[in-house]
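Engineer: Here it is: the structure, laid out below.
The values are calculated or read from the model by the stated rules, or taken from the named source; none is laboratory data. Computed from a prediction, not measured in an experiment: that's the story for all the values here. Positions of Cβ are generated from backbone atoms using ideal geometry, with glycine treated the same way; all protein chains shown enter the neighbour counts. Surface accessibility is based on the protein's heavy atoms, side chains included, excluding ligands, DNA and RNA. Shrake-Rupley method; radii C 1.70, N 1.55, O 1.52, S 1.80 Å.
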Amino acid sequence: MPIWTLYGMKRGIATTLWPGKENAKVQPGVLGLPRFQPDRCQDNCRACAEVCLPGAIGIEAGSGDERLTIDYGKCIGCQLCTESCPNDALTKSEDWAFGVQNREDLVWAEALASKPAQELTKNIQKCFGRSLHIRHVDAGSCNGCESELQALNNPYYNLHRLGIFFTPSPRFADLLLVTGSVTYAMRGPLLETYNAMPEPRWVMAMGTCAVSGGATGGGYSCAHGVEGILPVDIYVPGCPPNPAAMIHALLLLLNRAAQFVQGGHLAK
Amino acid sequence: MRGTTERALPPNEVPQACQHLVEKGARLQMAYAWFPESGGHPEVLYLADQGPYQPFSLLRCRLSEGSDGLPSLATNIPLLGWYEREMTDLCGISFQGHPELRPLVLHEGAHPPIPPLDPRYPKGEMIPYTEEPWDLPPVEGSDVQMLPFGPVRGDVLESAQIVFYYVGEAILHCHPRLFFKHRGMEKRFEGLSPALGTLIAERISGVDSVAHALAFCQAVETASQCEVPERARYLRTILAELERLYNHLHYLGHLCHTTTLKVGEAQGKLLAEQCKQLNGVFTGSRFLRGLLKPGGLRRDLDLRALAARLRALEPDIAGYMAALENTNSHLDRLITTGHLPHQTAFDQGATGPIKRASGIQHDLRCDHPYAAYGRLSMEIPLRTEGDAHARSQVRMEEIRNSLALLLRALEDLPEGPVDTEIAWPTGGEGLGWCEGPRGSIYYCVHFDATGKLARVKVKSASFSNWRVFPFTVHDTNMMDYAINEASFGLTMAGCDR
């Protein structure tokens with residue numbers, strides 16, 4: 001056993017400086033959700049909508065012209081739209097910090113309405129200081145989200161350093177972190193877990209399946225995500241969201257990070 | 001079906017034909033049913049592996065008016081037991097004489113008006129579900145206690161429930177209640193174009209994204225008789241081995257977690273993280289998603305710098321595995337734990353590293369080469385001990401082989417196009433397979449008259465191995481359970497679909 005202690009020490013610190021140092025690039029090369037530039041969009045071209053499996057891209061009949069609607073809450077980041085778009089109106093990007101407090105903020109909107117600051121987590125710092133205990137429930141995911149959640153506790157992301165912990169019992173949990181589109185068999189256990197949590201409590205929908213059902217919602221055995229089953233405080237789309245996006249969303253809940261996305265636009 | 005030699009049989013001749021296959025040394029791989037036309041009778045298909053380089057054998061049996069079922073084969077060929085129960089749940093076919101007649105995929109309380117895989121099932125309508133008492137095996141004896149563990153378990157784990165019957169520390173019987181995560185993925189393929197079907201295949205099991213997408217694409221390509229360019233074959237091989245690498249490293253880290261070897265856990269998971277980051281840098285996706293498509297790859301990859309990055313990782317990985325094999329406290333918990341005898345592994349359908357740790361020499365990459373595996377020689381590790389240690393040793397050996405295979409494939413990587421034109425066959429069928437990190441994956445793809453997917457059957461590795469796993473738990477002790485489960489390296493999403 002002492003050999004292992006030495007083994008670990010010799011390897012030094014493996015942990016990323018992010019988010020302390022904002023410039024540390026945590027996910028080099030990892031593609032995020034596609035970026036939309038409507039001025040490049042060509043009239044009556046439906047190429048992107050036709051290849052969008054979860055229906056994140058829709059066509060809305062406007063006055064005279066057809067208009068694209070984009071809901072990032074349904075996007076699974078498959079990049080098919082960026083490959084099919086003839087005009088680069090949709091392009092590949094490394095935009096991944098898509099955690100939001102309002103579901104509407106994931107829907108692309110032409111004009112940004114200036115919304116009042118959220119009341120939701122105003123008192124969260126008073127409640128918990130800087131710490132947070134999470135109970136995770138897998139409500140029918142593909143295990144991509146679990147794989148990335150497990151990665152949060154590896155030495156690189158080292159979630160503990162931020163005062164955030166996974167807890168085995170819902171009785172000790174402040175946050176219910178849900179992955180998956182909620183299958184008929186997991187609906188009961190999910191509600192039981194939520195009911196076992198003491199108040200105040202928060203709910204995070206992690207991954208596109210939990211936000212909207214994504215590519216797996218609906219059908220004979222799945223709901224369309226957590227919405228309508230539990231009150232959701234933070235939505236994090238992504239298929240799966242990468243670990244940095246998960247950390248950003250957790251810090252967003254704790255008022256320790258800013259929300260980057262508004263009306264489907266990512267702040268520069 | 002393309003990719004197989006097939007034979008059509010009436011229901012009463014199926015048991016004899018299967019028995020005959022087994023006597024000739026073949027091993028049944030899966031069975032499933034589909035409805036060739038809406039409102040018609042289902043057809044049941046049995047797939048068998050007849051040995052290295054032999055074509056797969058397929059038996060088809062069309063149920064007709066008046067015969068609502070088939071004789072069950074589960075008594076003689078136990079690994080078919082779960083496939084038969086699945087067909088009962090999802091296709092409404094009854095199997096006479098089944099030794100374990102209880103629902104498998106659909107839980108107690110789920111009563112669909114018509115079987116969900118029947119084309120007449122209303123699209124998008126959820127099965128009505130009510131709480132009903134669990135259907136558990138009866139147990140007698142005043143000292144026997146029952147512990148339902150899950151479906152929400154400690155840590156970040158996938159949902160599954162294991163019901164233990166135990167006395168003190170000793171487990172008498174373990175009864176897994178799985179399929180909490182059944183998402184009806186096979187139904188989702190229906191009516192899609194194969195290009196979009198790949199996205200569904202990638203989401204059957206996230207950590208096996210490449211393996212599933214590859215088996216699916218190969219099934220579509222076989223059905224449409226499409227020849228994939230050489231460069232795409234090599235790139236597919238490289239992606240599949242990168243997936244094996246990060247999965248096996250995570251597996252070793254997780255195994256250390258259960259034996260409470262903390263630094264070993266941290267190091268294993270760090271190495272897995274470094275591999276995932278390599279995936280991100282070179283392919284844009286940590287799970288290697290969004291790259292495969294029927295006909296080749298969606299885009300070319302620049303992998304020139306990958307070999308150097310892998311060579312830099314190699315000594316770290318080798319040192320880590322050597323340290324694990326030198327740690328007595330770790331080995332003490334693995335050796336003799338969760339013993340899976342050769343015969344049980346064979347009969348109950350074990351696959352992948354699990355069967356290779358119990359003395360069954362079989363690997364689809366060698367025995368039925370696909371992608372570029374036929375052009376690259378490799379060694380297949382084999383152990384006969386059948387315990388948790390053997391299972392971890394097989395995976396360690398596979399890590400070494402994967403690294404060697406990757407470096408060789410990168411060296412030989414030919415130039416050229418990465419995709420080819422592919423026309424969707426109308427009414428065609430194809431079989432595709434892949435040796436994923438957890439074992440064999442099969443896809444059977446049926447097309448309709450318009451070139452859309454009519455039925456896709458997914459046989460995942462974890463479905464086979466979850467069936468085997470309880471046989472190593474009965475009559476062991478609680479303390480070893482977590483180690484034993486970790487040593488199998490199972491996923492729920494793949495099993496439940």
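Engineer: May I ask you to verify whether B:Arg299 is away from chain A (no Cβ under 12 Å), among the basic types (Lys, Arg) and open to solvent by 10 Å² or more (accessible area, probe 1.4 Å)?
Structural biologist: no
The rows are residues; the columns are (1) out of contact with any Pro (no Cβ under 8 Å at 6 or more places or on another chain); (2) assigned to a strand (DSSP E or B); (3) more than 23 Å from A:Ser93 (Cα to Cα).
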{"residue": "A:His160", "(1), (2), (3)": "yes, no, yes"}
{"residue": "A:Glu192", "(1), (2), (3)": "yes, no, yes"}
{"residue": "A:Glu199", "(1), (2), (3)": "yes, no, yes"}
{"residue": "A:Val203", "(1), (2), (3)": "no, yes, yes"}
{"residue": "A:His224", "(1), (2), (3)": "yes, no, yes"}
{"residue": "A:Leu230", "(1), (2), (3)": "yes, no, yes"}
{"residue": "A:Pro240", "(1), (2), (3)": "yes, no, no"}
{"residue": "A:His248", "(1), (2), (3)": "no, no, no"}
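Engineer: Could you list, ordered by first residue, the pairs with Cβ atoms under 7 Å in which the first is in the range B:83-110 and hydroxyl-bearing (Ser, Thr, Tyr) and the second is part of a loop (DSSP other than H, G, I, E, B), at least 6 apart or interchain?
Structural biologist: From the range B:83-110, the pairs are B:Ser94/B:Asp68.
Engineer: Can you find a residue in the range B:185-197 that is in contact with a Ser or Thr (Cβ under 8 Å, 6 or more places away or on another chain), open to solvent by 30 Å² or more (accessible area, probe 1.4 Å), more than 27 Å from B:Lys459 (Cβ to Cβ) and within 11 Å of chain A (Cβ to nearest Cβ)?
Structural biologist: no
Engineer: A follow-up question, please. Hey, does the range B:212-220 have a residue that's in the same structural domain as B:Asp302 (by TED's automatic domain parsing), surrounded by fewer than 24 Cβ atoms within 10 Å (Cβ to Cβ), part of a helix (DSSP H, G or I) and out of contact with any Asp or Glu (no Cβ under 7 Å at 6 or more places or on another chain)?
Structural biologist: No; the residues of the range B:212-220 include none that is in the same structural domain as B:Asp302 (by TED's automatic domain parsing), surrounded by fewer than 24 Cβ atoms within 10 Å (Cβ to Cβ), part of a helix (DSSP H, G or I) and out of contact with any Asp or Glu (no Cβ under 7 Å at 6 or more places or on another chain).
Engineer: Assess whether B:Val263 counts as being farther than 25 Å from A:Pro241 by Cβ and without any contact (Cβ under 8 Å) to a residue 12 or more places away in the chain.
Structural biologist: Yes; evaluated as a whole, the condition is true for this residue.
Engineer: I'd like the residue in the range A:180-205 that is within 11 Å of chain B (Cβ to nearest Cβ) and buried (at least 24 other Cβ atoms within 10 Å of the Cβ) and, out of all such residues, is nearest to the chain's Cα centre (by Cα).
Structural biologist: Here the answer is A:Gly180.
Engineer: Oh, and also: Of everything in the range A:1-52, what is open to solvent by 70 Å² or more (accessible area, probe 1.4 Å), within 9 Å of chain B (Cβ to nearest Cβ) and either within 20 Å of A:Gly264 (Cα to Cα) or modelled with pLDDT under 80 (or both)? Give them in sequence order.
Structural biologist: Residue satisfying the conditions is A:Met1 alone.
Engineer: Another question about this same structure. Test each condition in (1) in contact with a Phe, Trp or Tyr (Cβ under 6 Å, 6 or more places away or on another chain); (2) without any contact (Cβ under 8 Å) to a residue 60 or more places away in the chain for A:Pro189 and report the one that comes out false.
Structural biologist: So the condition that A:Pro189 fails would be (1).
Engineer: Among the residues of the range B:408-425, is any open to solvent by 10 Å² or more (accessible area, probe 1.4 Å), among the acidic types (Asp, Glu), under 26 Å from B:Leu239 (Cα atoms) and in a strand (DSSP E or B)?
Structural biologist: The first filter runs over the range B:408-425 and keeps only residues open to solvent by 10 Å² or more (accessible area, probe 1.4 Å), leaving B:408, B:410-425.
Checking the rest, the ones that are also among the acidic types (Asp, Glu) come to B:411-412, B:415, B:419, B:421.
Checking which are under 26 Å from B:Leu239 (Cα atoms) leaves us with B:411-412, B:415, B:419, B:421.
With in a strand (DSSP E or B) added as a condition, the list becomes B:419.
So far as the range B:408-425 goes, yes, one or more of its residues are open to solvent by 10 Å² or more (accessible area, probe 1.4 Å), among the acidic types (Asp, Glu), under 26 Å from B:Leu239 (Cα atoms) and in a strand (DSSP E or B).
Engineer: Of all residues being among the aliphatic types (A, V, I, L, M) and open to solvent by less than 10 Å² (accessible area, probe 1.4 Å) in the range B:157-177, which is nearest to B:Pro115 (Cα to Cα)? Just the residue, please.
Structural biologist: B:Ala160
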